[in-house]
Every structure is written in structure tokens, then in C-alpha cells.
Amino acid sequence: MSEQTIRVGIASFAHLHAMSYAHAVNQLEGATLTGIWDEDPERGQKYAAQFNTTFYSDLDSLLDAIDTVIVASANVDHKPLVLAAAAKKVPVLCEKPLATTPADAREMIEACAKAGVQLGTAFPVRYSDAVRKLRDAVQSGALGQTLMIRGTNRGTYPGGWFGQREKSGGGAVMDHTVHVADIVGWIWECDFAEVYAEAATRFHDTEVDDCGMLLATLANGVTLSLDPSWSRPNQSFPTWGDVTLEVTGTDGVASIDVFNQNNELFNNQTVRAQWQNWGDNLDYLMIKDWVEAIRDGKPAPISGEDGLRAVLLVEAAYRSVESHQPEKVG
Amino acid sequence: MRFGMIGAGGMARVHASVLNNIPGAEVVAFADPQMPPAGRELAQQLGADILTSPEELLARSDIDAVVVAVPTDLHCDLVVQAARAGKHVMCEKPLARTVEQGERMLQEVEKAGVKLAVGHVVRYFPEYAAANASVARGDVGVPGVIRATRGGAFPARPGGWFGDFARSGGVVLDVMIHELDWLIWTFGAVERVYARGLLNAGLPNKDMAMAVLRFRSGAIGYVEATWARPSGFYTSFEIAGSGGLLRSNNQNTGTLQFSLFPNPDGTPRPAPRGAYLHDEPYTVQMRDIVRWFKGGPEPRTSAADGLEALKLALAIIESIGTGKAISFAS
Ligand SMILES: NC(=O)c1ccc[n+]([C@@H]2O[C@H](COP(=O)([O-])OP(=O)(O)OC[C@H]3O[C@@H](n4cnc5c(N)ncnc54)[C@H](O)[C@@H]3O)[C@@H](O)[C@H]2O)c1
């Protein structure tokens with residue numbers, strides 16, 4: 001069984017993380033990138049050529065030819081693609097956010113459960129050594145009892161469909177709440193109870209929110225502040241963004257800055273300074289873990305339920321943006 | 001100009017040392033019912049009288065102005081007494097413990113025809129002053145998301161008044177108010193606030209708070225203050241706007257760091273004093289205040305500004321207590 005080569009497909013390159021996932025599959029021993037489907041055939045053909053694989057114009061034909069599929073479409077297309085994979089009994093790793101509404105996420109979870117296939121959510125930040133060591137420290141009680149947590153996942157504006165509500169389901173709050181929500185939920189093994197949120201469009205000509213601020217309460221009573229804004233200047237910021245967490249506990253404080261392992265480059269040909277990250281390739285570690293789980297018939301390393309937890313927080317945050325008061329999560 | 005110091009604690013000593021170096025100003029007396037040894041020592045060094053009663057100090061006709069640097073709940077009484085005695089007053093921040101007290105202080109100084117300055121010294125810290133000017137110049141375009149954090153170890157003092165919420169107002173009124181004053185100064189009035197904190201967590205000598213602000217301009221703010229760190233003093237801010245990002249973090253701005261071999265007997269060698277600025281902020285602030293008392297222009301912060309920051313801080317405390325967002329009438 002463990003000798004078997006896992007045949008991987010990618011459904012849609014609408015989300016550019018697909019590039020990184022395709023690279024990872026091509027790097028992995030014991031996995032092969034069997035094919036790509038894309039709703040935009042031109043884009044699909046282009047990436048099929050780039051990654052040395054086959055373009056499938058028919059999704060079901062791709063699903064028939066593979067052991068697992070990675071969905072990297074625009075947010076609202078996650079659901080139909082995951083349901084199509086479930087119908088063909090193909091385990092599916094879905095880009096975050098799992099869905100744009102809790103109802104959609106639940107439908108996806110149920111369909112995969114009924115089909116008996118794994119549903120995973122792409123939360124690569126869990127594979128950061130800093131995040132893992134922080135989890136160990138928190139769970140071993142090294143910080144005492146956790147009191148408050150500050151989180152950020154700030155970024156540049158991704159543009160394209162991210163700025164179109166009917167494709168994205170929302171803006172910065174939709175896109176950038178979920179990574180920090182997931183690592184917090186994972187480290188403290190806890191769901192969210194309540195959230196207050198502000199959101200606005202302050203930076204870009206876009207129909208969705210491009211910035212926001214959340215103050216969430218976990219079911220264990222701990223407060224999390226979370227900045228999901230696309231507030232890094234696209235033309236001049238030296239990197240795409242950040243994931244940071246600072247934990248204040250009764251016995252001390254721990255801070256992580258997941259993408260802080262950089263060399264700084266100043267080059268007269270470019271306007272901006274550049275941070276060249278030399279840290280672990282988290283996408284690679286995530287894809288490797290996923291492929292091994294599929295090969296060994298193990299549960300999804302990061303599940304659909306994990307994805308749902310973050311979606312629930314996003315949905316409540318948008319309710320709070322409307323009501324101007326904290327809202328219950330779920 | 002002859003100054004009397006009301007209080008001889010930590011801040012009174014800072015201000016007395018500063019005044020001693022300002023041409024045309026001198027410290028002639030300290031009044032503190034619990035005269036701390038360090039206060040006595042400094043008074044002797046400066047050749048100032050050592051008194052136990054503020055009334056006695058205020059009765060002296062050779063004193064033109066006073067510095068009120070006593071626990072926050074006593075600001076109002078002592079400022080009012082000083083005004084009635086015809087002295088100009090420099091009062092430490094926060095202006096007062098309650099809005100009613102603050103309003104009364106403004107009325108009394110007006111009635112007495114004396115001047116009241118409030119020690120919102122952050123407007124004199126160069127990184128914050130420069131950021132204010134930078135925003136006014138449009139360096140970041142239209143501000144969208146503003147973050148600011150401040151804090152460190154709990155200030156353990158004789159009598160423990162900082163830990164008594166009824167006296168100090170906790171970390172929000174004592175620490176966060178620094179940011180609040182700077183934020184209002186730089187970004188204008190606040191429309192709505194929601195906050196969470198450790199006020200009612202029953203943790204002796206620990207407090208922390210996180211607040212989300214919505215400015216009338218539409219910008220979103222996040223402010224955090226802590227007394228839950230084991231040591232050190234941390235400040236940071238960032239201003240993301242339509243045209244750029246401006247940020248500062250006091251952990252990255254050191255100009256002089258030591259790494260020393262231990263003493264020959266193996267004991268650690270204490271680090272020499274670090275470098276900072278030629279004109280440190282408390283000096284620049286006091287120079288402005290002395291000049292104003294002598295008929296010059298008003299300092300950067302007015303007593304009315306102090307009252308605005310106080311109102312916002314108390315709304316944040318209210319939000320922490322009620323779990324509700326608080327909106328301000330326009
Ligand atoms: N601007 C800043 O950076 C800054 C920093 C720290 C504190 N503060 C503010 O300064 C004020 C004083 O704080 P601190 O750190 O100096 O506290 P502290 O405890 O060191 O000193 C307070 C002093 O006031 C004395 N006192 C009490 N009642 C008195 C009375 N009726 N008359 C005269 N003296 C009296 C106490 O005996 C004590 O010596 C507070 O309002 C605090 O919020 C400002």
C-alpha cells in the first residue's frame with residue numbers, strides 16, 4: 001500500500017495557491033500530478049503545460065483518473081467542486097475558506113462523509129514549526145493559563161475575483177480571518193463563542209471589504225484580536241503579508257511571526273525592498289501530509305470540521321459588521 | 001518660575017529632574033504625605049523643601065506653579081485646590097478618574113484664571129509626533145486601519161494603588177489612554193468602540209485590554225494595552241492607508257545594544273545605560289508647558305484634549321464591563 005503512487009488532480013487555478021500545490025506534488029516522491037481541470041480552458045492549458053501534466057476539459061473524467069483532488073477555485077466554487085468529487089468518491093483537499101457560508105460547509109462535510117472520503121481544508125500555517133512549538137508550549141502549560149491572544153493575517157490586495165462578491169463571498173474578513181482562526185482553534189482545541197467585527201473598504205477600488213478588525217471570544221473565555229486586513233501596500237511592501245500571534249498567559253508571553261525568516265534585498269531595479277523568505281515551505285509540508293493520509297487511508301490531517309469552525313467565525317463577524325454589536329458564533 | 005511638586009513618587013521625580021534642567025524654572029518644594037526615600041533624596045539634591053502636606057505647599061506665595069503627580073483618583077481634588085490657590089498646574093495623565101471630575105477641573109481652572117496642562121507625553125515621543133505629521137502630510141494617503149499597542153510589566157508601587165481599579169482605572173485608563181490621545185489627535189474623533197479585557201478576571205496585578213475603534217472618518221482602529229508581561233516595555237503602531245504603510249516598534253529601534261562577558265568571578269556584568277535621545281520627550285513636554293505658563297503658545301495637548309481621551313477610555317472600560325459596543329453621539 002505504501003508503495004503506491006498517489007494520482008493527484010487539481011480543480012481550478014483560479015486561486016494562485018494552486019501553483020504552489022502543483023509544485024509540491026511534482027516535488028513529492030510517491031505522488032504524481034495526473035491532470036488539471038479549470039473552468040477557464042485557456043488558463044488550464046497554460047498551467048498543464050507549465051507543470052508537465054494533462055488538461056482535462058471534463059471534470060468527471062479527471063475525477064475518474066485520480067486518487068485525490070485539490071480544489072483551488074474561487075471561494076463560491078468550492079462547494080460544487082467538492083460535491084462533484086464526493087459524488088465520484090474522490091478524497092478532496094479544499095482551499096480555505098472551506099465555504100462562504102456555514103450551510104454550504106456543512107453540506108460539503110456531509111456529502112464527503114456519506115461518500116466515505118476524506119475532506120480536508122488547506123490550512124498550511126499549521127505546519128509552521130513556530131506554530132507547532134507554540135502549541136506544545138500552550139498545551140504543556142508553559143505559559144500558565146491563557147488570558148488574551150493577538151493575531152494578525154495582514155496582506156496585500158489579491159485583486160481579481162477576490163474583489164468580486166459573487167465569486168469570493170466577501171473580502172478581507174472572508175479571506176484572512178480563517179488562517180488565524182484555525183491555528184487558534186487548533187492550539188487551544190476550542191471553538192469560538194462570540195465575535196465583534198468592523199469591516200470597511202479603505203484601500204482599493206473594490207466591491208468587497210478590504211480591511212477589518214475582529215475581537216472574538218473563544219468558548220473557553222479567552223479573547224482573540226484578529227486583523228485580517230489587506231492593508232500591506234501592493235506596490236511597496238517587501239512581502240505579501242504576515243501571520244503573527246502573541247499569547248499572554250498568566251506565566252508569560254509568547255510571540256510568533258510565522259514568515260519572519262527573511263533575507264532583505266534592496267535592488268536598484270525594483271522600487272521595493274524585498275524579503276526573501278528562507279523558512280519552511282508550508283504548502284509542501286501540507287500537501288505531503290495530505291498525500292500520505294490518502295495513501296494510508298487515514299483521516300484528513302486538517303478536516304472539513306476544522307474548516308467549518310473558521311467559516312462560522314467569518315459568518316458571525318459579517319453579522320456583527322451589520323449589527324454594530326458582538327454576535328454569537330454558530 | 002518656581003515649581004512645587006505635589007507627590008514625590010515616580011513621575012514627580014521625573015518631572016522635578018526635568019524642571020531642574022530647564023532654564024528659568026526651579027523646583028522649590030515637594031509635598032507628599034508618605035514622602036518616599038527616593039523623593040527625599042532628590043529634594044535634598046535639588047535643595048527643595050520637604051513637606052508632608054499639599055495644603056502647606058499651596059499656601060506658599062513663592063510658588064507659581066505645581067506639578068500634580070499623585071494617584072489618579074486624587075488628581076481632581078489637588079488640581080482644584082491648586083487652582084483655587086492661584087497656581088498654574090501641570091497634571092499627569094489621565095486627567096481624572098471620572099468624567100465628572102475632569103469637567104469640574106476644567107471649570108475650576110477657568111474660574112480661577114490659571115492654566116492646566118495634562119501630561120499626555122506620547123505627543124512628545126518623536127516616533128508618534130513624526131507619525132502624526134506624516135499622516136497630516138498624506139504620506140500614507142487616506143488612513144484605513146490603525147493599530148497601536150503598549151505595555152509591559154505591572155507597575156508595582158508602594159500602596160499598590162495601580163492595582164486598585166477604583167484608584168487607577170486599570171490598564172485602560174493608565175496605559176491605553178496614551179494611545180487614545182494620540183489616536184484622536186492624529187485620526188480625529190471616534191464614532192464607536194468595542195473592547196474586551198481582563199478587568200473582571202480576578203487576576204491581582206495583571207490587566208490587559210483590546211479595543212476595536214471605528215473613527216468618524218471611517219477608518220478602523222485597534223488598540224491594545226497590557227500589564228500582563230513579566231518584564232520590559234513594548235510599544236508599536238502601524239498606520240495603513242490608501243497610499244502606504246507607516247509603522248514603528250520600539251523593539252526594533254534600539255541604537256545601542258551590549259553583549260558583555262561576565263565578571264572575572266562569573267557574576268553577570270550589569271548592562272551600561274542605553275542610548276536614546278538628546279532631548280528626551282519629558283523634557284520637551286515640560287519646556288512647552290513652562291513656556292505656556294510664562295505666556296507662550298499652548299502645548300501640544302490641552303486639558304480639553306485630556307478630557308476627550310478620558311471619555312474614550314471610560315467608554316472602553318464600559319464596553320469591557322457590559323460586553324456591548326458603545327457609540328458616541330456626533
Ligand atoms: N506620563 C507617564 O508616562 C506616566 C507614567 C507613569 C505614571 N503616570 C501618572 O502619574 C501619576 C502618578 O504616578 P506615579 O507613577 O508617580 O505613582 P507613584 O505611586 O510612584 O507616586 C505617587 C505619589 O503620590 C503620593 N501621594 C499620595 N497622596 C498624596 C497627596 N494627597 N498629596 C501628595 N502626594 C500624595 C504617594 O505617596 C506617592 O509617593 C498617575 O496619575 C499616573 O497615571 C504617568
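The table for this structure:
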| item | result |
| --- | --- |
| Strands (runs of 3 or more DSSP E) (entirely within the stretch B:219-330) containing at least 1 residues that are loosely packed, with under 13 Cβ neighbours inside 10 Å | B:233-241 |
| Failed item in (1) more than 10 Å from chain B (Cβ to nearest Cβ); (2) surrounded by 21 or more Cβ atoms within 10 Å (Cβ to Cβ), with A:PHE203 passing the rest | (1) |
| Residue list for the stretch A:242-253, filter: among the hydrophobic types (A, V, I, L, M, F, W, C), open to solvent by 10 Å² or more (accessible area, probe 1.4 Å) and out of contact with any Asp or Glu (no Cβ under 7 Å at 6 or more places or on another chain) | none |
| Scope the stretch B:4-35; condition among the β-branched types (Val, Ile, Thr) and either in contact with an Asp or Glu (Cβ under 9 Å, 6 or more places away or on another chain) or away from the ligand (no atom under 11 Å from the Cβ) (or both); matching residues | B:ILE6, B:VAL18, B:ILE22, B:VAL27, B:VAL28 |
| Residue within the stretch B:165-185 that is without any contact (Cβ under 8 Å) to a residue 12 or more places away in the chain and either buried (at least 24 other Cβ atoms within 10 Å of the Cβ) or not acidic (Asp, Glu) (or both) present | no |
| Filter result (at the interface with another protein chain (Cβ under 10 Å from one of its Cβ atoms), within 23 Å of the chain's Cα centre (by Cα) and more than 27 Å from B:PHE328 (Cβ to Cβ)) within the stretch B:191-209 | B:LYS206 |
| Extreme residue, least open to solvent (accessible area, probe 1.4 Å), among residues of the stretch A:79-132 that are in a helix (DSSP H, G or I) and among the basic types (Lys, Arg) | A:ARG126 |
| Scan of the stretch A:307-320 for residues that are open to solvent by less than 30 Å² (accessible area, probe 1.4 Å) and touching a strand residue (DSSP E or B) at 6+ places or on another chain (Cβ under 6 Å), ordered by number | A:GLY307, A:LEU313, A:ALA316, A:ALA317, A:SER320 |
| Check on A:LYS298, open to solvent by 20 Å² or more (accessible area, probe 1.4 Å), in a loop (DSSP other than H, G, I, E, B) and not aromatic (Phe, Trp, Tyr) | yes |
| Given (1) away from the ligand (no atom under 13 Å from the Cβ); (2) without any contact (Cβ under 8 Å) to a residue 60 or more places away in the chain; (3) under 24 Å from B:ALA309 (Cβ atoms), number of the condition B:HIS75 does not satisfy | (1) |
| From B:ALA85, B:ALA59, B:ALA38, residue being among the aliphatic types (A, V, I, L, M), within 11 Å of the ligand (Cβ to nearest atom) and open to solvent by 10 Å² or more (accessible area, probe 1.4 Å) | B:ALA38 |
| One residue from B:PRO33, B:PRO54, B:PRO94 being over 22 Å from B:TYR282 (Cα atoms) and either open to solvent by less than 60 Å² (accessible area, probe 1.4 Å) or touching a Cys at 6+ places or on another chain (Cβ under 9 Å) (or both) | B:PRO54 |
| Checklist (1) over 16 Å from the mean Cα position of the chain (by Cα); (2) more than 14 Å from every other protein chain (Cβ to nearest Cβ) applied to B:GLY232, failing item | (2) |
| Selection status of B:ARG214, part of a strand (DSSP E or B) and touching a residue at least 40 places away in the same chain (Cβ under 8 Å) | no |
| Residues of the stretch A:215-241 classified as touching a Cys at 6+ places or on another chain (Cβ under 6 Å) and either open to solvent by 10 Å² or more (accessible area, probe 1.4 Å) or closer than 18 Å to B:ARG214 by Cβ (or both), total | 4 |
| Matching residues in the stretch A:301-326 - criterion: being among the aliphatic types (A, V, I, L, M) and either at pLDDT below 95 or part of a helix (DSSP H, G or I) (or both) | A:LEU308, A:ALA310, A:VAL311, A:LEU312, A:LEU313, A:VAL314, A:ALA316, A:ALA317, A:VAL321 |
| Test: B:VAL66 is within 25 Å of B:PRO94 (Cα to Cα), more than 8 Å from the ligand (Cβ to nearest atom), under 24 Å from the mean Cα position of the chain (by Cα) and buried (at least 21 other Cβ atoms within 10 Å of the Cβ) | yes |
| Residue satisfying all of: in the stretch A:10-50; small (Gly, Ala, Ser) and more than 17 Å from the chain's Cα centre (by Cα); nearest to A:LYS167 (Cα to Cα) among these | A:GLY44 |
| Qualifying strands (runs of 3 or more DSSP E) (wholly inside the stretch A:238-284; at least 3 residues being within 24 Å of B:ALA228 (Cα to Cα)) | A:244-249, A:252-257 |
| Selection count where residues are surrounded by fewer than 21 Cβ atoms within 10 Å (Cβ to Cβ), touching a residue at least 60 places away in the same chain (Cβ under 8 Å) and charged (D, E, K, R), scope the stretch B:122-164 | 3 |
| Qualifying residue in the stretch B:90-101 (condition: within 18 Å of the chain's Cα centre (by Cα), within 10 Å of the ligand (Cβ to nearest atom) and farther than 21 Å from B:SER302 by Cβ) | no |
| Options A:VAL180, A:VAL195; residue that is within 14 Å of chain B (Cβ to nearest Cβ) and either of a type in the set (Lys, Arg) or assigned to a helix (DSSP H, G or I) (or both) | A:VAL180 |
| Lone unmet requirement of (1) touching a Phe, Trp or Tyr at 6+ places or on another chain (Cβ under 8 Å); (2) farther than 22 Å from A:ASN234 by Cβ; (3) surrounded by fewer than 22 Cβ atoms within 10 Å (Cβ to Cβ); (4) among the small types (Gly, Ala, Ser) for A:ALA181 | (3) |
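The values are calculated or read from the model by the stated rules, or taken from the named source; none is laboratory data. Every value quoted in this text rests on a predicted model; they were computed, and no experiment measured them. No Cβ is skipped: glycine too gets one built from the backbone with ideal geometry, and neighbour counts run over all protein chains shown. Only protein heavy atoms, including side chains, enter the accessible area calculation; ligands, DNA and RNA are left aside. Shrake-Rupley method; radii C 1.70, N 1.55, O 1.52, S 1.80 Å.
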